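Trainee: Next up is a structure, given as C-alpha cells.
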Amino acid sequence: QVQLVESGGGLVQAGGSLRLSCAASGRTFSRYTMGWFRQAPGKEREFVAAITWTSGSTYYGDFVKGRFTISRDNAKNTVYLQMNSLKPEDTAAYYCAADQYPSTVLAGTYAYWGQGTQVTVSS
C-alpha cells in the first residue's frame, strides 16, 4: 500500500514557475514508477510526466516541450515536478500516481493516487 500527498500548487502568473512535490509513504517507494497527471474542469485526466524505478527513465506529455522536469529522491520518498514557463492552459488539478509496472502514460494503469494539488496560472 502506498499513500501519496501532493503539495506545492498555487496561483502564479504566466511565465512563472512552481515546483510540485509528492510525498509517498511505504518502504518500497524506490520500486514504484511515479507519474504526474493533470485534469482541468470538463476535461479528461492528462498525462504530464513519469519517472520509472527500474532505470530512472523519464517521459513527458507532448505539451510539456521542455518546460517541466520530473525527478525523484528515493531517500526522501518524494517525487518532484518542476514547472517553468507556465501558461494559462496549464491550469488544472495535478495528481501524483504510483505503480510498479504501469503503462507509463495511461492513468488507468496506476494503482495509487494522491488527492491532487491545484495549479492556477493567470494571464
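Trainee: Please give the number of the condition residue 55 fails out of (1) farther than 21 Å from residue 103 by Cα; (2) in a loop (DSSP other than H, G, I, E, B).
Mentor: Tallying (1) farther than 21 Å from residue 103 by Cα; (2) in a loop (DSSP other than H, G, I, E, B), residue 55 fails exactly one: (1).
Trainee: Select from segment 84-102 the residues that are modelled with pLDDT under 95 and more than 21 Å from residue 116 (Cβ to Cβ) and write down the one among them that is surrounded by the fewest Cβ atoms within 10 Å (Cβ to Cβ).
Mentor: Taking the candidates together, the pick is 101.
Trainee: Does residue 50 qualify as being over 12 Å from residue 80 (Cβ atoms), open to solvent by less than 60 Å² (accessible area, probe 1.4 Å) and in contact with a Pro (Cβ under 9 Å, 6 or more places away or on another chain)?
Mentor: Answer is yes for this residue.
Rundown of residues vs (1) open to solvent by less than 30 Å² (accessible area, probe 1.4 Å); (2) more than 21 Å from residue 121 (Cβ to Cβ); (3) of a type outside the set (Ser, Thr, Tyr), yes/no style:
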position: 8; (1), (2), (3): no, no, yes
position: 21; (1), (2), (3): yes, no, no
position: 26; (1), (2), (3): no, yes, yes
position: 36; (1), (2), (3): yes, no, yes
position: 67; (1), (2), (3): yes, no, yes
position: 75; (1), (2), (3): no, yes, yes
position: 82; (1), (2), (3): no, no, yes
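Trainee: Consider residue 37 carefully, then state whether it is outside any loop (DSSP other than H, G, I, E, B) and touching a helix residue (DSSP H, G or I) at 6+ places or on another chain (Cβ under 6 Å).
Mentor: Taking the combined requirement at face value, the residue satisfies it.
Trainee: Any residue in segment 106-116 that is of a type in the set (S, T, N, Q) and surrounded by 15 or more Cβ atoms within 10 Å (Cβ to Cβ)?
Mentor: Looking for residues that are of a type in the set (S, T, N, Q) and surrounded by 15 or more Cβ atoms within 10 Å (Cβ to Cβ), one finds none in segment 106-116, hence no.
The values are calculated or read from the model by the stated rules, or taken from the named source; none is laboratory data. Note that the structure is a prediction, hence the values are computed from the model and not measured. Here Cβ is always computed from backbone atoms with ideal geometry, including for glycine, and neighbour counts include all displayed protein chains. In case anyone asks, the SASA skips ligands and DNA or RNA and just uses the protein heavy atoms, side chains included. Shrake-Rupley method; radii C 1.70, N 1.55, O 1.52, S 1.80 Å.
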